[in-house]
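Trainee: Right, I'll just put the structure down here and ask away after.
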Amino acid sequence: MGKVPLSVAIITKNEEENIRSCLQSISFAAQIVLVDSGSTDSTLQIAAEFGCEVYSEAWRGFGPQKQLAIEKCRLPWILVLDADERIPPQTAESIRNIITGPQIPEAGFSFPRKNYFQGRWIRHAGWWPDRIIRLFRKEAGGMTTAIVHEAVEVQGKVGALDVSIEHFTESSLSKIIQKIDKYSTLGAEAAFRDGKHSSTFSAFMRAFFTFNQDYFFRLGILDGRQGLTLAVTDSVNKFFKYAKLSELGKNK
């Protein structure tokens, strides 16, 4: 089957472990825009194999970086995808039908997202259905400006699809620790700019509440050892975000 008038916007940095599977899953798209922020592995070579339009840009935060990729898209419909996400065949067929079918009133569509961690589909603790907007008409959508926890915003009617996007989250504990340090810093800086304050005790209480909420109240306990690991790492991230916010307040 031929390609459809769809642009896919992706941002990368050292994604050689993920990008090939990601690109294989969107082979039906006529344009793939990849904005890279300094990869030193084989990410760019793999992108070239798939005929991606590659742009090298300095890092400016998740929201602004993805918006930059969107602005380089030319086709009537845009799909925003992360390098560790995949479009399953059934979802690809639904997207194809939306784009090539009869005129529809929707300006965008949301998908449930299946999050996998250490080989397990995580179904609790707020990880499922994890509905996200990712497909939209070029003139109707864009990214929020958030440096972290960015999202697609659409002006107009948003339809809800039942077919999923698959997300293969980082499973290496060493890399997760590095991400916690990065994301907690970004979160603390954003909160500080918004005029928020914290203390070490407040950071501990937030972490304590987060673990109990994820593991017990939201039933992360039913996701086995992976659910326990995620509850712990989520609470650790929460602690360091607010402990760093406290540190920023003291250094003001």
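Only the coordinates and a few stated rules stand behind these numbers; no lab work does. It should be emphasised that the depicted structure is a prediction, and the values quoted were computed from it without experimental measurement. Neighbour counts are summed over all protein chains in view; Cβ atoms, including those assigned to glycine, are modelled from backbone coordinates with ideal geometry.
Trainee: In square nanometres, what is one fourth of the surface area of the convex hull spanned by the alpha carbons of the range 4-168?
Mentor: For the range 4-168, the mean projected area of the Cα convex hull comes to 9.2 nm².
Trainee: Identify all aspartates and glutamates with a Cα-Cα distance to Lys244 below 14 Å; exclude those on the same chain that are fewer than 8 residues away in sequence.
Mentor: Filter leaves Asp181, Glu189.
Trainee: Count the net charge of all other residues whose Cβ sits under 11 Å from the Cβ of Gln226, scoring Lys and Arg as +1 and Asp and Glu as -1.
Mentor: Here the charged neighbours net out to +2.
Trainee: Something else now. Restricting attention to the range 28-130, which chymotrypsin sites (Phe, Trp or Tyr not before Pro) occupy a DSSP loop and are surrounded by at most 14 other Cβ atoms within 10 Å?
Mentor: Of the chymotrypsin sites (Phe, Trp or Tyr not before Pro), the ones in loops of the range 28-130 whose Cβ has at most 14 other Cβ atoms within 10 Å are Trp59.
Trainee: Something else: Return a whole-number percent for the relative contact order of the range 4-168, with Cα pairs under 8 Å and 6 or more residues apart as the contact set.
Mentor: 26
Trainee: Ok, one more. Evaluate E = 1/(1 + (r/R0)^6) for Ser21 and Ile177, where r is the Cβ-Cβ distance and R0 equals 30 Å; express this FRET efficiency to the nearest 0.05.
Mentor: 0.75
Trainee: Further question: Could you tell me which of Ala48, Thr12, Leu75 has its Cα farthest along the dipole of the range 1-90 towards the positive end, charges placed at Cβ (Lys, Arg +1; Asp, Glu -1), taken about the Cα centre?
Mentor: Leu75
Trainee: Fully extended, how many nm does the chain gain between Ala30 and Glu139 (0.36 nm per residue separation, minus their Cα-Cα distance)?
Mentor: Length difference between fully extended and current span is 37.5 nm.
Trainee: If the only charges are +1 at each Lys and Arg Cβ and -1 at each Asp and Glu Cβ, what is the size of the charge dipole of the chain around the Cα centre, to the nearest 20 debye?
Mentor: That gives a dipole near 620 debye.
Trainee: For each of Cys22, Cys52, count neighbouring Cβ atoms within 10 Å of the residue's Cβ, then give the residues from fewest to most.
Mentor: Arranged by neighbour count, lowest to highest, Cys22, Cys52 become Cys52, Cys22.
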